[in-house]
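Trainee: Take this structure first; my questions come after.
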Amino acid sequence: MSSKQEEKKESGGWKEFFWNPRTHELLGRTASSWGLIILFYVIFYTFLAGMFCLTMYVMLLTLDDYTPTWQDRLSTPGLMIRPKGEDLEIVYNIKNTESWDQYVQALNAFLTPYNNSQQVLNNDACAPNQYYFQEDSGNVRNNPKRACQFNRTMLEECSGLADPTYGYGSGEPCVLIKLNRVIGMLPGKDGQSPYITCGAKKEGSVPLVDVSYFPPNGTFDLMYYPYYGQRAQVNYTQPLVAVKFVNVTLNTDVNIECKINSNTITEFSERDKFAGRVSFKLRINSD
């Protein structure tokens, strides 16, 4: 057989594989065979989709719209500062306004929701030194829940009202500390509110002098707890503690650590440097 005849036979074999006019087969299957296999996969994938939807529906029935079923956060809440700067460093030159104006602008933006007028409009004036519980009445959800006022004026010298530079222009900077939100956390007992203390880290060679706290004693009052979640307490504003550093040694790195002190928070993870504490560097240059 010649090579042309072999090629023709081979070509005809491929053509018959795609469509065989004698048996009316497409790709080796008749129309009824294709219909049955398509019907099988339609039923199979419809069943899988139905099982998936049913599983998701049952799972969603177990979820609460306002409270997460599981919380993977640490039992010890984290601390964070404002302004936080790059790599938790607050470095500026007193004589160079532009070097510290960024911190002032960041504090202004952060404290806007704490303006007294806004707090009076949205939140309640609560009794201090006691938890602000807002329980549900059986199946009737008490939502949205109210929140307690934290007025900007409570930060006194660090409110930015009397001193618009928050002390940065005079070399006595203010740093705001917030305790991260944890739903349902009760950070104190027996009427004792948690409080903040700040000092030089052990490896720091320069001690801090004259640290002032606002509100007094650096407390997070119990009335701001428990926190019920962002959807349940839409107007909740976290309590703050302002720390004012005075007589800081100029042109020197000062490593600072602020820590939460509470009679219910006693464990601090060594693996998480933000659990119950926050460390940052402060450097004030004069030239």
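The values are calculated or read from the model by the stated rules, or taken from the named source; none is laboratory data. Keep in mind the model is a prediction, meaning the values are calculated, not measured. Using ideal geometry, Cβ is built from the backbone for each residue, glycine included, and neighbour counts are taken over all protein chains shown.
Trainee: Assuming residue 244 fulfils every condition listed in (1) at pLDDT 95 or above; (2) within 24 Å of the chain's Cα centre (by Cα) apart from one, which condition is it?
Mentor: Condition (2) is where residue 244 drops out.
Trainee: While we're on this one: Here are 111, 121: which of them is free of Cβ contacts under 8 Å to residues at least 24 places away in the same chain and out of contact with any Pro (no Cβ under 8 Å at 6 or more places or on another chain)? Steps first, please.
Mentor: On the way: 111 fails: free of Cβ contacts under 8 Å to residues at least 24 places away in the same chain.
Within the list 111, 121, the selection yields 121.
Trainee: Let me ask something additional. Is one or more of the residues making up the range 84-97 in a helix (DSSP H, G or I), among the β-branched types (Val, Ile, Thr) and touching a strand residue (DSSP E or B) at 6+ places or on another chain (Cβ under 9 Å)? First the steps, then the outcome.
Mentor: Just the residues of the range 84-97 that are in a helix (DSSP H, G or I), to begin with: 86-88, 97.
Applying the additional criterion that residues be among the β-branched types (Val, Ile, Thr) yields 97.
Narrowing further to those that are touching a strand residue (DSSP E or B) at 6+ places or on another chain (Cβ under 9 Å): none.
No, there is no match, as no residue in the range 84-97 is in a helix (DSSP H, G or I), among the β-branched types (Val, Ile, Thr) and touching a strand residue (DSSP E or B) at 6+ places or on another chain (Cβ under 9 Å).
Trainee: Specify which of the listed residues (252, 264, 237) is surrounded by 18 or more Cβ atoms within 10 Å (Cβ to Cβ), not in a strand (DSSP E or B) and not aromatic (Phe, Trp, Tyr).
Mentor: 237
Trainee: Of everything in the range 53-97 that's surrounded by fewer than 10 Cβ atoms within 10 Å (Cβ to Cβ) and closer than 26 Å to residue 240 by Cα, which residue is nearest to the chain's Cα centre (by Cα)?
Mentor: Once the filter is applied, the top-ranked residue is 72.
Trainee: Being of a type outside the set (Gly, Ala, Ser) and out of contact with any Lys or Arg (no Cβ under 8 Å at 6 or more places or on another chain) is the filter here; which residues of the range 242-266 pass it?
Mentor: Filtering the range 242-266 for residues of a type outside the set (Gly, Ala, Ser) gives 243-261, 263-266.
Of everything in the range 242-266, those that are of a type outside the set (Gly, Ala, Ser) and out of contact with any Lys or Arg (no Cβ under 8 Å at 6 or more places or on another chain) turn out to be 243, 244, 245, 246, 247, 248, 249, 250, 261, 265, 266.
Conditions (1) in contact with a Ser or Thr (Cβ under 7 Å, 6 or more places away or on another chain); (2) modelled with pLDDT of 95 or more; (3) closer than 20 Å to residue 198 by Cβ; (4) in the same structural domain as residue 249 (by TED's automatic domain parsing), marked per residue:
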position: 87; (1), (2), (3), (4): no, no, yes, yes
position: 107; (1), (2), (3), (4): no, yes, yes, yes
position: 122; (1), (2), (3), (4): no, no, no, yes
position: 127; (1), (2), (3), (4): no, no, no, yes
position: 135; (1), (2), (3), (4): no, no, no, yes
position: 138; (1), (2), (3), (4): no, no, no, yes
position: 171; (1), (2), (3), (4): no, no, yes, yes
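Trainee: Further, regarding this structure: Identify all residues within the range 196-237 that are more than 23 Å from residue 129 (Cβ to Cβ) and either of a type in the set (Ser, Thr, Tyr) or modelled with pLDDT of 95 or more (or both); write none if there are none.
Mentor: 205
Trainee: Has the range 156-175 got any residue that is of a type in the set (A, V, I, L, M), part of a helix (DSSP H, G or I), in contact (Cβ under 8 Å) with a residue 40 or more places away in the chain and farther than 25 Å from residue 231 by Cα? Talk me through it step by step, then tell me what you get.
Mentor: Taking the range 156-175 and keeping what is of a type in the set (A, V, I, L, M), we get 161-162, 175.
Subsequent filtering for residues that are part of a helix (DSSP H, G or I) retains none.
Scanning the range 156-175, I find no residue that is of a type in the set (A, V, I, L, M), part of a helix (DSSP H, G or I), in contact (Cβ under 8 Å) with a residue 40 or more places away in the chain and farther than 25 Å from residue 231 by Cα, so the answer is no.
Trainee: Test each condition in (1) of a type in the set (D, E, K, R); (2) buried (at least 19 other Cβ atoms within 10 Å of the Cβ); (3) farther than 29 Å from residue 98 by Cα for residue 141 and report the one that comes out false.
Mentor: (2) is the only condition that residue 141 fails.
Trainee: A further question on this structure: Do the conditions hold for residue 275, that is, is it modelled with pLDDT under 90, hydrophobic (A, V, I, L, M, F, W, C) and surrounded by 19 or more Cβ atoms within 10 Å (Cβ to Cβ)? So that I can check it myself, show each step before the final result.
Mentor: Details: modelled with pLDDT under 90: yes; hydrophobic (A, V, I, L, M, F, W, C): yes; surrounded by 19 or more Cβ atoms within 10 Å (Cβ to Cβ): yes.
Against the criterion (modelled with pLDDT under 90, hydrophobic (A, V, I, L, M, F, W, C) and surrounded by 19 or more Cβ atoms within 10 Å (Cβ to Cβ)), residue 275 qualifies.
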